[in-house]
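Notes to accompany the following structure.
The values are calculated or read from the model by the stated rules, or taken from the named source; none is laboratory data. Not measured: the values here are computed from a predicted model. Note that we place each Cβ from the backbone using ideal geometry, even for glycine, and neighbour counts take in every protein chain shown.
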Amino acid sequence: MNFARIFPTRVAVAKASTAMLPMSAAGRDGSRSVDARQEVAVPTPPPGGQVTTGSSAAAAHEQESSASLRFSRVLLLGPRAWALWWRALVLGIDHQRILEQVEQDASFSFNFSFMIVVAGGIATIGLLLNSPAVIIGAMLISPLMGPIVGSGMAIVMLDVELGRRSFRTLVLGTVAAVAFTALIVVLSPVKELTPELLARTRPNLFDLIVAILSGAAGGYAMIRGRGGAIVGVAIATALMPPLATIGYGLVTENWPVARGALLLFVTNMVAISLSVAAVAEWYGFGRGGLRKRFARQAAISLLVLVPLSVPLFISLKAIAFESFAQLRIRSVLEAGAASLPEGQLGAVDVRFIDGKPPHVRAMILSAAPAKDLAHDLEKDLLRELGQGVDLQLTQLRTSEQASPQLLAYGLPDSARGSVAESPRSSIADRLRSTFPLPLAAFDADSDMRRITLVPESQAGIDLAAWRAMETDLARRHADWTIRLLPPLQALPPVYFEHGSNGLDGGALNRLETIVWAARRWKIDRLEVVGHASSDGGGSRRLAGVRAERVAEALRALGIEVHPLARYPLPNQLASEREVGEAAFRTVSVIVPGGIRKAVEER
């Protein structure tokens, strides 16, 4: 690129008023500096000033400091003073040096490919380990800002060559990063969906705003030589973690995760590019008249950002509804529990699955359970939320002797007294005495700060409820390791949609519960049996694929699995007519030889 032709150092000036004109191909007095590729003239300072090429960083800093000192006075004056201030500000910019640097950073090279592959590997490991510190390290060394800034400069300068080079670098770098991250996920023994991975799957309008502001900061830091600010921009925009999440989603065939991460990456990339273009426009990199340039920039931004904002707004609306629904659901359940004699609300688990009503699993303990309570609560939730919910309510009866303990157990943390300050033995005794259900065994190790509870079998309490109870106890006693050994019972099946072999959020949560129970029972080997309904299409193969999907997920969680497929089951058609076809779109999880035998052998 011939930068000398784009930004000539010798400028012909016919009148001193030319310094008041915006950077364009021609002044209104007819004086012009011609460039065959891009007609841009460096503005001339007022008479008596000197033209500064900006080759010296100290000179540029002095120019900026002088312009900043005049800014407060410019605000009180008219448009002419504002134009003079803007001219003085732009004179401190070394346009040629900046464009050379942008072109270098936007080029695909060995350095770029090496850094993006390394950054992708670090980001993937950080996401799988759920380590924010490692993820931040990947953000800092990622070179993706280079081609994104180059695309922004290409937009404002209408430079097709720079735009093509930046786009090529972005595509090659993105493909290389996703491929390498996918390879790490394939080789990794850990494939659990961590909170850090989930955080990259639901972009919303706030992510777009952050990307716009970060892009503006990045463009300013690049033009004004504020290298330290680039570090903050890299962390704020987080370009590399979404690419690593895309690789994870592709390998695990978790398409919602891959789609959400792709939307987040595109949002960040486009918003940063347009913000850089706007900042570059302000600092005199544009081509054409000032009004024409700003109109073009505004039109491009609207055409790109408005369609991009629609899914982000929908996502933000969904997140806001989930937050509101969580509060209202708990409030309704607490009111329902309070309506019962000595009623207390136990563990509550609310899950939101796209296209389905909220799934609510709750436990209420009272002296006299109500037969129609679940139906009444569903009506109350429908009125509060404006939509129905899938409520799974478990009611437990407590004896009169147990009710004082139950009340103590159900009190909020703030009303329990200074539990954390109590002696270790008293905490264990308190937990044992206030646990609302009969215990078959209880063990407390004060030195190791570890408590193990073995409750007696209770009808109506499934493994998910026992797991939620352990989670609640661990939250209330964060300084202790709480282990609850659930009573022996059948492992829950994993359900699939019609014709599908993918694991949704509900299926993954059920698998986590299965693994939790297996570890509590010290079972390290399971058997999964895939099934399919008769209307599935290729049902035998579908049953096998479903079993293999569940087996892969369990292996990733550290369980040895043997997958099988059974289709059709004996009398399946008759059973489907009685209980429905959906009951056969499952994978059964079985302990070889039976749970009781496996536990006794341990």
(message) Checking Leu158 against (1) aliphatic (A, V, I, L, M); (2) modelled with pLDDT of 85 or more; (3) surrounded by fewer than 16 Cβ atoms within 10 Å (Cβ to Cβ): exactly one of these is not met. Which one?
(response) (2)
(request) Only residues that are free of Cβ contacts under 8 Å to residues at least 60 places away in the same chain and basic (Lys, Arg): list them for region 327-362, please. (result) Arg328, Arg330, Lys356
(request) Could you tell me which of the residues Ala362, Ala374 is under 20 Å from Gly460 (Cα atoms), touching a helix residue (DSSP H, G or I) at 6+ places or on another chain (Cβ under 6 Å) and among the aliphatic types (A, V, I, L, M)? (result) Ala362
(message) Just the residues that are part of a helix (DSSP H, G or I) and within 25 Å of the chain's Cα centre (by Cα), please, taken from region 473-513.
(response) Arg475, Gly505, Gly506, Ala507, Leu508, Asn509, Arg510, Leu511, Glu512, Thr513
(message) Given the criteria more than 17 Å from Ile590 (Cα to Cα), of a type in the set (D, E, K, R), more than 25 Å from the chain's Cα centre (by Cα) and in a strand (DSSP E or B), does Arg541 qualify?
(response) no
(message) Criterion first (basic (Lys, Arg), outside the structural domain of Glu581 (by TED's automatic domain parsing) and surrounded by 14 or more Cβ atoms within 10 Å (Cβ to Cβ)) does Arg449 satisfy it?
(response) yes
(message) Give me the residue from region 561-602 that is free of Cβ contacts under 8 Å to residues at least 60 places away in the same chain and in a strand (DSSP E or B) and, out of that set, nearest to Ser534 (Cα to Cα).
(response) Ala565
(request) Name the one entry in Val589, Val579, Val561 that is assigned by TED's automatic domain parsing to the domain that holds Glu512, β-branched (Val, Ile, Thr), surrounded by fewer than 18 Cβ atoms within 10 Å (Cβ to Cβ) and out of contact with any Asp or Glu (no Cβ under 6 Å at 6 or more places or on another chain). (result) Val579
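Return a yes/no flag: does region 181-193 have any residue that is assigned to a helix (DSSP H, G or I) and under 13 Å from Pro242 (Cα atoms). Before the answer, list the steps.
So the first thing to find is which residues in region 181-193 are assigned to a helix (DSSP H, G or I), and the list is 181-187.
Narrowing the set further to residues that are under 13 Å from Pro242 (Cα atoms) leaves 181-182.
So far as region 181-193 goes, yes, one or more of its residues are assigned to a helix (DSSP H, G or I) and under 13 Å from Pro242 (Cα atoms).
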(request) Under 6 Å between Cβ atoms, at least 6 apart or on separate chains: pull out the pairs that start in region 131-154 with a residue that is farther than 12 Å from Val118 by Cα and end on any residue that is in a loop (DSSP other than H, G, I, E, B). (result) Leu144/Leu239; Gly146/Ala106; Pro147/Ala106; Gly150/Ala106
